[in-house]
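Have a look at the structure below before the remarks.
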Amino acid sequence: MQKGKVVLFDIDYTLFDTGEFKDSMLRNFNIYEGTIGILVKLGDIANLGIFSNGEPGFQRAKLEKTDMLKFFKENDIHIFDDKDANLINVLEKYKDTKLFLVDDKLTILSSAKQRMPQITAIWVKRGPYAQNQQPIDNFVPDATIDDLSRLYNIVSSND
């Protein structure tokens, strides 16, 4: 069933606790607290997808080992070695939907908003990229969150 809304998530530092993963020497595949709950709730009102950077097989393994893969339709999983280079093509795919882009990298959100101003850019402010991010001229994300718990209200109230 098409819900008219699509939420695309980054994986590292957004859904997946990459800091703990690195600290464990790549052994502990953990997600942030509340992640599964918010994916269940959001799945009732939107189609969920992935837009992430990294080696595709390795990123997919993170989704599988944390039991998150089942929340995302295959045609809405976009994992690239170079996320920036594929941004336009991914955005174009969703041009006729209400798109929410959830990422810890302000630069990705800014680039996406420049190319498609109607998207809702949601900055998850955690992890090293977010903590060290300098402001970007002429860009403020539509929402800034510390965890995913506020996402349901943002997506459900945004038509």
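The values are calculated or read from the model by the stated rules, or taken from the named source; none is laboratory data. Predicted model, so just to flag it, every value in this text is computed and none were measured. Neighbour counts are summed over all protein chains in view; Cβ atoms, including those assigned to glycine, are modelled from backbone coordinates with ideal geometry.
Things worth noting here:
- Residues being touching a helix residue (DSSP H, G or I) at 6+ places or on another chain (Cβ under 7 Å) and farther than 19 Å from GLN131 by Cα - total across segment 7-36: 6
- Selection of first residues in segment 120-141 that are among the hydroxyl-bearing types (Ser, Thr, Tyr) and of second residues that are part of a strand (DSSP E or B), restricted to Cβ pairs under 6 Å at least 6 apart or on distinct chains, gives the following pairs, ordered by first then second residue: THR120/PHE100.
- So LEU101, is it within 18 Å of ASP17 (Cα to Cα), surrounded by 14 or more Cβ atoms within 10 Å (Cβ to Cβ) and touching a helix residue (DSSP H, G or I) at 6+ places or on another chain (Cβ under 6 Å): no
- LYS113 being free of Cβ contacts under 8 Å to residues at least 40 places away in the same chain, closer than 23 Å to ASP142 by Cβ and surrounded by 16 or more Cβ atoms within 10 Å (Cβ to Cβ): yes
- Residue under evaluation ASP159, criteria (1) surrounded by fewer than 18 Cβ atoms within 10 Å (Cβ to Cβ); (2) at pLDDT 95 or above, criterion not met: (2)
- Applying the condition of being in contact with a helix residue (DSSP H, G or I) (Cβ under 6 Å, 6 or more places away or on another chain) and not in a helix (DSSP H, G or I) to segment 37-46 and asking which residue is surrounded by the most Cβ atoms within 10 Å (Cβ to Cβ) yields ALA46.
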